[in-house]
1. Can you tell me which residue in region 119-134 is nearest to the chain's Cα centre (by Cα), limited to those that are of a type in the set (A, V, I, L, M, F, W, C) and surrounded by 13 or more Cβ atoms within 10 Å (Cβ to Cβ)?
2. Has region 95-103 got at least one residue that is in contact (Cβ under 8 Å) with a residue 12 or more places away in the chain, open to solvent by 30 Å² or more (accessible area, probe 1.4 Å), under 13 Å from HIS22 (Cα atoms) and in contact with a strand residue (DSSP E or B) (Cβ under 7 Å, 6 or more places away or on another chain)?
3. Considering only region 105-118, I want to know if a residue exists there that is surrounded by 15 or more Cβ atoms within 10 Å (Cβ to Cβ), outside any loop (DSSP other than H, G, I, E, B) and at pLDDT below 85.
4. So, in region 69-100, of the ones that are hydroxyl-bearing (Ser, Thr, Tyr) and not in a loop (DSSP other than H, G, I, E, B), which residue ends up nearest to LYS35 (Cα to Cα)?
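The values are calculated or read from the model by the stated rules, or taken from the named source; none is laboratory data. Keep in mind that what you see is a predicted model, and the values were worked out from it rather than measured. FYI the Cβ positions are ideal-geometry reconstructions off the backbone, even for glycines, and counts take in every protein chain you see. Ligands, DNA and RNA are excluded from the accessible area calculation, which covers all protein heavy atoms including side chains. Shrake-Rupley method; radii C 1.70, N 1.55, O 1.52, S 1.80 Å.
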Amino acid sequence: MSKAFFILLISSLAFLSCDPPHYIQFENESDSEVKVTLLADPETENYDFYEFQNLRIGDSVILRIKPKESDMLHFGIGTWSNSEIEELTNSLQKIIIENEDFFRVYRTKKGMNTLLNHDKRGFWWKTEINIRIE
């Protein structure tokens, strides 16, 4: 076996067996603190929300992000496929993003899906959703 074939084989196995972490990052580009609320739909069960014990208030996950900083929610390993995002939006009732200048509410599944699909990042597979708040 040649050295190049061996390197190609090891590289491809590393990529195929890798389950990368996937997350949603919120970047606060504004000059005031931003509050992000993800309100879970009580009709569905999304076990991802049980991972956010320190952020949960009732059925909500709340992030407070200082100006020019960012915060993220980790959703375990995997990628943000269309079905994964749809599963998340189906488990949400609303996404609320607010600061002293604005109050944005995403109430419909279509609106939340559009927000979450807007800026997916990654190499071959999408592992990050990036939401910039200006």
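1. Of everything passing the filter in region 119-134, ILE129 is nearest to the chain's Cα centre (by Cα).
2. Within region 95-103 (the criterion being in contact (Cβ under 8 Å) with a residue 12 or more places away in the chain, open to solvent by 30 Å² or more (accessible area, probe 1.4 Å), under 13 Å from HIS22 (Cα atoms) and in contact with a strand residue (DSSP E or B) (Cβ under 7 Å, 6 or more places away or on another chain)), the answer is no, since none of the residues qualifies.
3. Taking every residue of region 105-118 in turn, none turns out to be surrounded by 15 or more Cβ atoms within 10 Å (Cβ to Cβ), outside any loop (DSSP other than H, G, I, E, B) and at pLDDT below 85.
4. My answer is SER70.
Yes/no matrix, rows are residues, columns are (1) modelled with pLDDT of 90 or more; (2) among the charged types (D, E, K, R); (3) loosely packed, with under 15 Cβ neighbours inside 10 Å:
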{"residue": "ASP31", "(1), (2), (3)": "yes, yes, yes"}
{"residue": "GLU45", "(1), (2), (3)": "no, yes, yes"}
{"residue": "PHE49", "(1), (2), (3)": "no, no, no"}
{"residue": "ASN54", "(1), (2), (3)": "no, no, yes"}
{"residue": "LEU63", "(1), (2), (3)": "yes, no, no"}
{"residue": "LYS66", "(1), (2), (3)": "yes, yes, yes"}
{"residue": "SER70", "(1), (2), (3)": "yes, no, no"}
{"residue": "PHE75", "(1), (2), (3)": "no, no, no"}
{"residue": "TRP80", "(1), (2), (3)": "no, no, no"}
